Structure formats: structure tokens, C-alpha cells
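Everything below concerns the one structure shown next.
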Amino acid sequence: QVQLVESGGGLVQPGGSLRLSCAASGSIFRINAMGWYRQAPGKQRELVASITSSGSPNYEDFAKGRFTISRDNAKNTVYLQMNSLKPEDTAVYYCNAAVRAREWTLPKDYWGQGTQVTVSS
């Protein structure tokens, strides 16, 4: 089994910054893509950003120029640096990882428990 544990959420004023972290542990041979999703009240979960195993990032339009995704493969950890936060960024942020438990197994998706980000004055 694999566990993803997120940290770094909280309350921040508009224009402020937060850095989310997500560490994977357990039965891991290799982690393929990792990503961050978010879900606001009454809305569907949506992709924020993703990053390949080689470090190539991809951002949704609302995240471009404000958010930066990165990863540390040695620590099985993915980060999301969020700057210039807006009230509409308020949501529960979830970490996702496609994990291969063994060299011969296919990747399986895992999710973290979510961390609340609230942007309010």
C-alpha cells in the first residue's frame, strides 16, 4: 500500500502565499506523474498542476504564472508553491500520484486526504 500525506494548507490573506507538500510512502518502486487537484464547495474536483517523473510541469490556465509545481524524487515528495492567492483559490487541495509498487506492475493512482486552503481577509 501507498500513503500520501499532505501538509501546508491554512488561512492566508488575498495576495499571500502558501507552499503545499505531499510525501508518498509505502510500497514504492517508482512514481510516475504527480499532481495537485482542488475541490471547492459545490464544485467538481479539478486539476491544478501536474509534473512528470522527469520534472516537466503542466498547469491549468488559472494556475499559470502564480503556482509552481516541483518534486523531489529522492524524497517521493511533490510541492505546490502558490503565490498571489485569490479568494477563488479557496478549496481543499488533494495530492495525486501514479505509483508502481514493483518493476513489473502497472501504475496505480493514489490520493492524499486533502488539505484546506482558505484565502480570505
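The values are calculated or read from the model by the stated rules, or taken from the named source; none is laboratory data. Everything numeric in this text was worked out from a predicted model, so none of it was measured. Counting neighbours? That spans all protein chains shown, and the Cβs are built from the backbone with ideal geometry, glycine included. Heavy atoms of the whole protein, side chains included, go into the accessibility calculation; ligands, DNA and RNA do not. Shrake-Rupley method; radii C 1.70, N 1.55, O 1.52, S 1.80 Å.
Based on protein heavy atoms only, segment 12-121 ends up with 53 Å² per residue of surface accessible to a 1.4 Å probe.
Using a cut-off of 12 Å between beta-carbons, work out the net charge of the residues near Tyr37 (Lys and Arg +1, Asp and Glu -1, Tyr37 not included). So the surrounding residues net to -1. As a size descriptor, the averaged projected area of the C-alpha convex hull of segment 1-64 was calculated at 5.8 nm². Gain on full extension, evaluated as 0.36 nm per residue between Arg45 and Gln81 minus their Cα-Cα distance, stands at 11.0 nm.
Go ahead and run the numbers for FRET between Asn58 and Glu103, Cβ-Cβ distance against an R0 of 41 Å, rounding to 0.05. After rounding, the FRET efficiency stands at 0.95. Taking 7 Å steps out from each Cα toward its Cβ at Asn32 and Ser17 produces label points 3.3 nm apart. With 10 Å bins beginning at zero, the pair-distance distribution over Cα atoms of segment 59-121 amounts to 17, 43, 28, 10, 2, 0 %. In this structure the amide hydrogen of Thr90, modeled in the peptide plane, comes within under 5 Å of the amide hydrogens of Val119, none closer than 5 places in sequence on its chain. For the pair Val5 and Ala74, the difference between a 0.36 nm per residue extended length and the Cα-Cα distance amounts to 23.2 nm.
Candidates Trp111, Val2, Asn96 compared by Cα position along the dipole of the chain: farthest toward the positive end lies Val2, with charges placed on Cβ. Taking Ile28, Ile69, Ile51 as the candidate residues, the one with maximal mean-square fluctuation in a Gaussian network model of the chain, Cα springs under 10 Å, is Ile28.
Within the accessible surface of segment 41-121, defined with a 1.4 Å probe on protein heavy atoms only, the carbon and sulfur portion equals 47 percent. Placing unit charges on the Cβ atoms only, positive for Lys and Arg and negative for Asp and Glu, gives the chain a dipole magnitude near 180 debye about its Cα centre.
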